[in-house]
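Student: The structure is given below, and queries will be raised subsequently.
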Amino acid sequence: MKATSTIQNLIRENIKNIQPYASARDEFTEVNSELVFLDANENPFENGMNRYPDPQQQKVKQLLSEIKSVSIENILLGNGSDEVLDLIFRAFCEPNKDNIILLPPTYGMYKVLADINAIDVIEVQLTADFQPKTQTILLAANQKSKLLFLCSPNNPTGNSFSRVQVEKILRQFNGIVVLDEAYIDFSEQESWLNRLEEFPNLIISQTMSKAYGMAGIRLGVCYASKEIINVLNSIKPPYNVNALTQQKALDRLNRMDKIQKEIQLIKLQKEVLLKELKQIDFVEEVVPSDANFLLIKVDNPTKRYQQLIEKGIVVRNRSNQPLCENCLRISIGTEKENEQLIKVLRKLSK
Ligand SMILES: *Cc1c(COP(=O)(O)O)cnc(C)c1O
């Protein structure tokens, strides 16, 4: 991003000086069990959940800050990545005026959020080997291009983007680059987290839904400059991460050893599955994956999808996505689940 387009210039006019909702827990932040809290109209009888949750989720952020070596003021938590991404749209994109840039095939939620927020989408397809066309992207951008979404490792293709291309985009795009690292913990590539300070226009989105095994609690994590985090904080619903989610997240983050073990097992299983898939006669191609799923090209995706369903295995048909003709996406399961899949595939294979 050039110095001429500062973050302040990118923020929507009505958001710049917005007066955020001040909750009872924002106004009085001291947590002390000796105090008598009569400020939030809560039911006073203790049942473990009768109090509002911490609006700033300090304990969860403290743990994440230690695990990821990022300071707390660079972290914002949301009700899944979905909420984090929606907050980014609402902070920077003026409905019916601004646009965003997407690089299909990619995660479907970006387009849905753009549509909900009445934001135009400029699409620049990835290359045949699923890398960003940097020059074309930069040429396609205009003054109203506020956000550019990079998903790396990318869903549904599974590959990571070239670091050289990502850096070029970060340096030359005049809006915010949202780097979705939902699958980064499975990747052989390093996260861009340790380079956050170099790029004032970089927002990194991560999640507890995939490698961290907590899709059910809905916890999305956003890392960015203090300036960007402050803007997002000013528009987020005050109690956007509920108490049950915060508790479950803490329990899980205190067991990083367990998480790391599971990631290792999934990566190992990916290699096993990769080898097996190459033996199946109707599998024409397996895309190299840096994530916890494999995109495979088959002879007839509708037929193969249906055959798998009949054997009790549900995969995702992605063949309607650009550049994904005849492709199925398969998540890596447990060893037992993968064996079941392989058994079925072998039977279907001549
Ligand atoms: C699964 C996924 C997410 C996670 O979304 P949550 O709302 O946090 O569950 C985000 N981005 C991509 C690309 C994904 O595939």
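The values are calculated or read from the model by the stated rules, or taken from the named source; none is laboratory data. If you're wondering where the values come from, they're calculated on a predicted model, not measured in any experiment. Because the Cβ atoms are built from the backbone with ideal geometry, glycine has one as well, and the counts that use them run over all protein chains shown.
Student: Contact list please: Cβ distance under 6 Å, first residue in segment 88-108 and without any contact (Cβ under 8 Å) to a residue 40 or more places away in the chain, second residue outside any loop (DSSP other than H, G, I, E, B), pairs at least six apart or on different chains.
Tutor: Once the first residue is without any contact (Cβ under 8 Å) to a residue 40 or more places away in the chain and sits in segment 88-108, no partner that is outside any loop (DSSP other than H, G, I, E, B) comes close enough.
Student: Right, here's the next one. Just give me the residues in segment 120-166 being within 16 Å of the ligand (Cβ to nearest atom) and either more than 21 Å from Asp86 (Cα to Cα) or assigned by TED's automatic domain parsing to the domain that holds Lys270 (or both), in sequence order.
Tutor: Selection gives Leu126, Phe130, Pro132, Thr157, Gly158, Asn159, Ser160, Phe161, Val166.
Student: Give Lys270, Lys210, Lys297 a once-over and let me know the one that is within 23 Å of Gln131 (Cα to Cα) and within 14 Å of the ligand (Cβ to nearest atom).
Tutor: Answer to the selection: Lys210.
Student: Within segment 230-250, is there a residue that is outside the structural domain of Gln62 (by TED's automatic domain parsing), away from the ligand (no atom under 16 Å from the Cβ), in contact (Cβ under 8 Å) with a residue 60 or more places away in the chain and assigned to a helix (DSSP H, G or I)?
Tutor: The answer is no; no qualifying residue exists.
Student: Right, something else. Looking at this structure, is Lys68 closer than 22 Å to Arg195 by Cα, of a type outside the set (A, V, I, L, M) and either touching a residue at least 12 places away in the same chain (Cβ under 8 Å) or loosely packed, with under 15 Cβ neighbours inside 10 Å (or both)?
Tutor: Yes, satisfied.
Student: Being within 25 Å of Lys226 (Cα to Cα) and either surrounded by fewer than 22 Cβ atoms within 10 Å (Cβ to Cβ) or within 16 Å of the ligand (Cβ to nearest atom) (or both) is the requirement here; does Asn96 meet it?
Tutor: Spelling it out, it is not the case that Asn96 is within 25 Å of Lys226 (Cα to Cα) and either surrounded by fewer than 22 Cβ atoms within 10 Å (Cβ to Cβ) or within 16 Å of the ligand (Cβ to nearest atom) (or both).
Student: Of everything in segment 251-286, what is touching a strand residue (DSSP E or B) at 6+ places or on another chain (Cβ under 8 Å) and part of a helix (DSSP H, G or I)? Give them in sequence order.
Tutor: The answer is Lys270, Leu273, Leu274, Leu277.
Student: OK, next. Could you tell me whether any residue of segment 206-214 is assigned by TED's automatic domain parsing to the domain that holds Lys61, surrounded by fewer than 19 Cβ atoms within 10 Å (Cβ to Cβ) and at pLDDT 95 or above?
Tutor: Yes - at least one qualifying residue is present in segment 206-214.
Student: Also: What residue, among those in segment 230-265 that are within 19 Å of the chain's Cα centre (by Cα) and aliphatic (A, V, I, L, M), is farthest from Gln57 (Cα to Cα)?
Tutor: If we take residues in segment 230-265 being within 19 Å of the chain's Cα centre (by Cα) and aliphatic (A, V, I, L, M), then Ile263 is farthest from Gln57 (Cα to Cα).
Student: Could you list, in sequence order, all residues of segment 213-222 that are within 15 Å of Asn254 (Cα to Cα) and more than 10 Å from the ligand (Cβ to nearest atom)?
Tutor: Listed by number, the list holds a single entry, Gly213.
Student: Further, regarding this structure: Condition check: crowded, with 18+ Cβ neighbours inside 10 Å and among the β-branched types (Val, Ile, Thr). Does Val36 satisfy that?
Tutor: no
Student: Can I ask one more? Being in contact with a helix residue (DSSP H, G or I) (Cβ under 8 Å, 6 or more places away or on another chain) and either closer than 22 Å to Asn154 by Cβ or at pLDDT below 95 (or both) narrows it down to one of Ile313, Ile342, Ile296, so name that one.
Tutor: Just one listed residue meets the conditions, Ile296.
Student: Step by step: first the residues of segment 184-204, then only those that are more than 17 Å from Leu253 (Cα to Cα) and surrounded by 22 or more Cβ atoms within 10 Å (Cβ to Cβ), then the one that is farthest from the chain's Cα centre (by Cα). Which residue is that?
Tutor: Asn201
Student: Can you work out which of the residues in segment 135-147 that are under 16 Å from Thr106 (Cβ atoms) and either in contact with a helix residue (DSSP H, G or I) (Cβ under 7 Å, 6 or more places away or on another chain) or basic (Lys, Arg) (or both) is surrounded by the fewest Cβ atoms within 10 Å (Cβ to Cβ)?
Tutor: If we take residues in segment 135-147 being under 16 Å from Thr106 (Cβ atoms) and either in contact with a helix residue (DSSP H, G or I) (Cβ under 7 Å, 6 or more places away or on another chain) or basic (Lys, Arg) (or both), then Ile137 is surrounded by the fewest Cβ atoms within 10 Å (Cβ to Cβ).
Student: Additional query: For residues in segment 170-186 being under 14 Å from Cys151 (Cα atoms) and of a type in the set (D, E, K, R), which is farthest from the ligand (Cβ to nearest atom)?
Tutor: By that ranking, first place goes to Asp185.
Student: Continuing with the same structure: Of the residues that make up segment 187-207, is at least one within 14 Å of the ligand (Cβ to nearest atom), in contact (Cβ under 8 Å) with a residue 40 or more places away in the chain and farther than 20 Å from Leu103 by Cβ?
Tutor: There is no residue in segment 187-207 that is within 14 Å of the ligand (Cβ to nearest atom), in contact (Cβ under 8 Å) with a residue 40 or more places away in the chain and farther than 20 Å from Leu103 by Cβ.
Student: Here is a follow-up. I'd like the full set of residues that are within 19 Å of Asn242 (Cα to Cα), modelled with pLDDT of 95 or more and of a type in the set (Lys, Arg), limited to segment 1-58.
Tutor: Passing the criteria: only Arg51.
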